[in-house]
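The values are calculated or read from the model by the stated rules, or taken from the named source; none is laboratory data. Small disclaimer: the values here were computed from a predicted structure and weren't measured. In this analysis, Cβ positions are derived from the backbone assuming ideal geometry, glycine residues included, and neighbour counts consider all displayed protein chains.
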Amino acid sequence: MHRRFWAPDIDFAAIRTELGVAEDYADDVLAEARGAVDRHAGEREDRTDLPLVTIDPPTSMDLDQAVHIARDGGDFVIDYAIADVAALIEPEGALDQESRRRGTTVYFPDGSVPLHPRELSEGAGSLLPDQIRPCVLWTIRVSASGEPMDVRVRRATVRSVAKLNYAGVAADAVAGTLHPSIAALPDFGELRARVALDRGAVDLDLPDQEVVRGGDGWSVELAPRTPADGWNSQLSLLTGTCAGKIMADAGVGLLRTLPAGKPEAVDTLRATASALGVTWPDGYSPGRFLKGLAAEQPSTLALMNAATSLMRGADYLVLGRGADGVLIDAVHGEPVSAADTRHAAIAGQYAHVTAPLRRLGDRFATEVCLSVTAGAPVPDWVSRALPTLPKILRAADSRCSSADRLSVDLAEAIVLEDQVGQQFSAVATRAGGDRRPAEVFIDTPAVIAPCDGAPQPGTRLDVVLSAADPVKRQVRFSPVTNP
């Protein structure tokens with residue numbers, strides 16, 4: 001008998017309250033958002049001739065990026081327009097201060113709590129189709145070998161001609177009917193992905209759970225991921241690496257960093273692969289090894305889970321120069337090495353600059369890039385803000401992670417509440433130890449949860465649902481014991 005796993009209703013309001021997240025804005029904040037005007041209107045390059053398109057989830061209205069890709073011989077010329085949020089916000093005014101308090105847009109299954117009032121984030125600041133909008137326009141020439149050769153950053157006005165979505169772009173690519181503005185996107189995306197692997201980048205393809213509302217109610221599913229998601233992410237990664245290099249070379253700005261994985265973490269990953277009978281080819285970096293794993297193999301889940309130990313310690317670094325010109329951490333006044341400025345998963349310097357409607361730090365990092373490339377001093381309001389941002393952004397990241405995890409935990413417990421005692425097929429993704437239980441993955445519904453006993457990671461097993469408690473937001477399984 002086919003079992004259906006869904007819940008007619010789930011209320012996420014308690015999680016918002018628990019995290020202190022609400023959409024309420026003070027009157028002066030709303031007034032600034034509603035009366036926002038372009039503070040840089042007279043400086044802009046008119047690029048409304050560019051037939052830019054956006055690629056986002058179908059229901060998104062806070063559109064940060066629009067793109068046009070052209071071929072020039074063997075090169076790609078990327079025009080990437082990013083919403084110019086800084087031009088619409090009065091520095092250190094009420095709206096600016098409120099956005100610093102929030103730090104980020106927080107997403108819940110039943111809607112988002114935006115960083116900025118929707119009048120700005122889904123209106124005047126959003127790169128909606130057929131609207132003339134202020135933007136920061138990045139033009140990046142990428143060689144046939146996949147490396148950026150020339151980068152220009154300036155303020156411009158643009159007009160998006162189409163609002164596309166990932167599934168539609170992926171389908172159009174298969175059908176050979178891609179919008180002309182992104183006809184080269186698949187080739188560009190695949191090229192940049194290969195270049196990233198050659199640099200030693202690491203991309204973990206772990207199951208991404210999504211709480212979805214359908215006709216019957218709520219369910220927990222694997223988030224769809226199309227090739228277009230990967231191609232599009234390469235646009236953001238390219239821009240972020242260019243921004244990171246601009247700031248690192250200048251010795252000023254806000255970088256996203258990740259230390260290199262410790263040798264013992266790599267050794268553990270190699271040992272896990274050996275225990276699972278998975279060959280690690282000679283000369284392969286961890287990223288190339290992981291990329292070559294077969295998605296359908298149970299061992300892949302366990303190896304991807306083990307590889308998360310390579311990705312610990314992500315942080316933000318505010319760059320500055322000491323009196324002697326040495327590169328320093330401007331928050332603590334301590335010297336930093338070139339390795340300290342890198343993001344190990346990207347295998348280079350990196351900065352968040354492509355989602356200013358949704359992330360606070362992007363607005364300030366973008367202003368640094370504009371100033372550096374123009375040979376102008378960084379605005380005082382940016383310099384004053386930079387040292388305060390890491391603490392704000394860490395808290396915002398933690399809040400977002402909690403919102404996602406608590407929402408999924410609640411949905412898992414409610415969807416499975418009437419299934420206690422039932423049997424499921426699972427894959428063990430993590431061994432128990434250090435006072436933490438083992439973990440298993442169930443694909444229908446898409447659940448990742450603790451499991452009693454000591455299942456061997458990377459193996460399939462039958463489990464029984466032993467607990468599903470919506471109040472505690474907890475689900476737990478036990479291995480099936482054969483008589």
Odd one out for residue 429 among (1) surrounded by fewer than 18 Cβ atoms within 10 Å (Cβ to Cβ); (2) not in a loop (DSSP other than H, G, I, E, B): (1)
Checklist (1) under 25 Å from residue 66 (Cα atoms); (2) buried (at least 21 other Cβ atoms within 10 Å of the Cβ) applied to residue 342, failing item: (1)
Single match in 357, 370, 276, 327 (criterion: outside the structural domain of residue 116 (by TED's automatic domain parsing) and either surrounded by 13 or more Cβ atoms within 10 Å (Cβ to Cβ) or under 26 Å from residue 106 (Cβ atoms) (or both)): 276
Enumeration of residues in the range 432-479 that are over 27 Å from the mean Cα position of the chain (by Cα), part of a loop (DSSP other than H, G, I, E, B) and within 21 Å of residue 4 (Cβ to Cβ): 470
Residue 212 part of a strand (DSSP E or B), out of contact with any helix residue (DSSP H, G or I) (no Cβ under 7 Å at 6 or more places or on another chain), more than 22 Å from residue 314 (Cα to Cα) and in the same structural domain as residue 365 (by TED's automatic domain parsing): yes
Residues of the range 450-467 that turn out to be surrounded by 15 or more Cβ atoms within 10 Å (Cβ to Cβ), among the aliphatic types (A, V, I, L, M) and touching a Pro at 6+ places or on another chain (Cβ under 9 Å), as a count: 3
Qualifying residue in the range 168-176 (condition: touching a residue at least 12 places away in the same chain (Cβ under 8 Å), in contact with a Gly (Cβ under 8 Å, 6 or more places away or on another chain) and either among the aliphatic types (A, V, I, L, M) or crowded, with 21+ Cβ neighbours inside 10 Å (or both)): no
Residues within the range 17-29 that are under 22 Å from residue 120 (Cα atoms), crowded, with 17+ Cβ neighbours inside 10 Å and in contact with a strand residue (DSSP E or B) (Cβ under 9 Å, 6 or more places away or on another chain), tallied: 1
Single residue of 217, 189 found to be surrounded by 18 or more Cβ atoms within 10 Å (Cβ to Cβ) and in the same structural domain as residue 342 (by TED's automatic domain parsing): 189
Single condition residue 249 does not satisfy, out of (1) touching a strand residue (DSSP E or B) at 6+ places or on another chain (Cβ under 7 Å); (2) outside any loop (DSSP other than H, G, I, E, B); (3) more than 27 Å from residue 441 (Cα to Cα): (1)
Some residue of the range 446-454 being out of contact with any Gly (no Cβ under 8 Å at 6 or more places or on another chain), under 17 Å from residue 209 (Cβ atoms), in contact (Cβ under 8 Å) with a residue 60 or more places away in the chain and not small (Gly, Ala, Ser): yes
Lone qualifier among 251, 244 - being surrounded by fewer than 19 Cβ atoms within 10 Å (Cβ to Cβ), in the same structural domain as residue 335 (by TED's automatic domain parsing), of a type outside the set (A, V, I, L, M) and modelled with pLDDT of 95 or more: 251
All helices (runs of 4 or more DSSP H) inside the range 312-422 with 3 or more residues being out of contact with any Pro (no Cβ under 9 Å at 6 or more places or on another chain) and either in contact (Cβ under 8 Å) with a residue 60 or more places away in the chain or closer than 23 Å to residue 140 by Cβ (or both): 360-374, 389-416
Any hit, the range 130-143, residues being out of contact with any strand residue (DSSP E or B) (no Cβ under 6 Å at 6 or more places or on another chain), assigned by TED's automatic domain parsing to the domain that holds residue 359, surrounded by fewer than 20 Cβ atoms within 10 Å (Cβ to Cβ) and in contact (Cβ under 8 Å) with a residue 40 or more places away in the chain: no
Condition met for residue 197 (in contact (Cβ under 8 Å) with a residue 60 or more places away in the chain, buried (at least 16 other Cβ atoms within 10 Å of the Cβ) and more than 30 Å from residue 440 (Cα to Cα)): no
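Condition (residue is under 23 Å from residue 218 (Cα atoms) and small (Gly, Ala, Ser)) applied to the range 372-389: is it met by at least one residue? Spell out the reasoning first.
Here is the first cut: in the range 372-389, the residues under 23 Å from residue 218 (Cα atoms) are none.
Taking every residue of the range 372-389 in turn, none turns out to be under 23 Å from residue 218 (Cα atoms) and small (Gly, Ala, Ser).
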Residues located in the range 60-102, provided they are modelled with pLDDT under 95 and touching a Ser or Thr at 6+ places or on another chain (Cβ under 8 Å): 74
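Given the residues 34, 39, which is the only one that is basic (Lys, Arg) and touching a residue at least 60 places away in the same chain (Cβ under 8 Å)? Outline the logic, then answer.
Working: 39 fails: touching a residue at least 60 places away in the same chain (Cβ under 8 Å).
Checking each option against the conditions leaves just 34.
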Members of the range 432-441 that are of a type in the set (D, E, K, R) and surrounded by 13 or more Cβ atoms within 10 Å (Cβ to Cβ): 439
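Residues in the range 397-410: is at least one modelled with pLDDT under 95 and either closer than 30 Å to residue 243 by Cα or within 27 Å of the chain's Cα centre (by Cα) (or both)? Write out each step before concluding.
Of the range 397-410, the ones modelled with pLDDT under 95 are none.
No - not one qualifying residue is present in the range 397-410.
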Residue list for the range 41-59, restricted to those being under 17 Å from the mean Cα position of the chain (by Cα) and at pLDDT below 95: 57
